[in-house]
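Remarks on the structure that follows.
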Amino acid sequence: MTRPPSAKASSTKTSAAKTSAENSATASAAANPPMPAASTASKSTAGKSPTGTPAAAGPASGTSGEPGADGAVTIWHNPECSTSRNVLAAIRAKGITPEIVLYLKTPPSRAALAAAVKAAGLTAGQAVRRKGGLFDELALADAGDGALLDAMAAHPALIERPFVFTAKGVRLCRPLERLQEILP
C-alpha cells in the first residue's frame, strides 16, 4: 500500500528535520562534553567523551549530575604523572573505587574546567600547568584567567593534575595531602 504524496512528503520532511536535529545534538555534545559522572564502579573514560561539564561521561542515572555526587569519587587522571598515580593509589587505599577520567584523552569542556577550578577555590592561574614547555610556547605568562581557561580547554596538557571530585568538594590534589580534605 502506498501513501498519499502529501503524507510521504511530510514524512520525508520530518525525517530530514529529525536527522538534522540529531546531527546538531551530536555536534553540540561533542563540542561541550559533560563533567565526570559520579559512579562507584571503577571505569576509565578513555576513548569516550569526558564526563564532567568536567568527554563525556554524563551524569549517571540517579545522581545529581555533579562529579562526586552520591558519595562517588572522580579523578581527572594522567597515568604518566607520579602525583596523579599516588593520589589514585591513596583513594583506592581507602577502599574507594573512583571513576577515572583520562582527561588528556577525554578533556573537560571549558565550562566544566571553569566549574572545577572555581569549586576547588582556585584561579585559572593556580590550576594551569607551567611545566613542560607548552605554557611558555603559548606565551601564557601574562594571560588572564579567561585566556588561561581557553588555553587549558584547547590544550588539556596545561591542566594541572589531579583534580578530585567528591561529595565533600573538589581539590587539585597537589600536594597529595589535599586529598584528605575531601575524602568521605
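The values are calculated or read from the model by the stated rules, or taken from the named source; none is laboratory data. If you're wondering where the values come from, they're calculated on a predicted model, not measured in any experiment. Methodologically, a virtual Cβ is constructed for each residue, glycine included, from the backbone with ideal geometry; neighbour enumeration extends over all protein chains shown.
Cβ-Cβ distance below 6 Å, separation of 6 or more or different chains: which pairs start in the stretch 153-165 with a residue that is at negative phi and end on one that is modelled with pLDDT under 95 and surrounded by fewer than 21 Cβ atoms within 10 Å (Cβ to Cβ)?
none
Taking the options Leu148, Leu102, name whichever one is in contact with a strand residue (DSSP E or B) (Cβ under 8 Å, 6 or more places away or on another chain) and more than 25 Å from Gly71 (Cβ to Cβ).
Details: Leu102 fails: more than 25 Å from Gly71 (Cβ to Cβ).
None of the others qualify; the one that does is Leu148.
Against the condition farther than 22 Å from Arg85 by Cα and of a type in the set (Gly, Ala, Ser), how does Ala167 come out, does it pass?
no
Yes/no matrix, rows are residues, columns are (1) touching a His at 6+ places or on another chain (Cβ under 7 Å); (2) among the basic types (Lys, Arg); (3) surrounded by fewer than 16 Cβ atoms within 10 Å (Cβ to Cβ):
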residue: Gly121; (1), (2), (3): no, no, yes
residue: Pro162; (1), (2), (3): yes, no, no
residue: Phe165; (1), (2), (3): no, no, no
residue: Pro175; (1), (2), (3): no, no, yes
residue: Gln180; (1), (2), (3): no, no, yes
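Tell me whether the stretch 131-147 contains one or more residues that are among the acidic types (Asp, Glu) and part of a loop (DSSP other than H, G, I, E, B). Please lay out each step first, then the result.
Of all residues in the stretch 131-147, those among the acidic types (Asp, Glu) come to 136-137, 142, 145.
If we keep only those that are part of a loop (DSSP other than H, G, I, E, B) too, we end up with 142.
Yes: one or more hits.
Mind checking whether some residue in the stretch 113-129 is touching a strand residue (DSSP E or B) at 6+ places or on another chain (Cβ under 9 Å), assigned to a helix (DSSP H, G or I) and among the β-branched types (Val, Ile, Thr)?
As a first pass, look at the stretch 113-129 and keep what is touching a strand residue (DSSP E or B) at 6+ places or on another chain (Cβ under 9 Å): 113, 115-122, 126-129.
Applying the additional criterion that residues be assigned to a helix (DSSP H, G or I) yields 113, 115-119, 126-127.
Checking which are among the β-branched types (Val, Ile, Thr) leaves us with 117.
Yes, some residue in the stretch 113-129 is touching a strand residue (DSSP E or B) at 6+ places or on another chain (Cβ under 9 Å), assigned to a helix (DSSP H, G or I) and among the β-branched types (Val, Ile, Thr).
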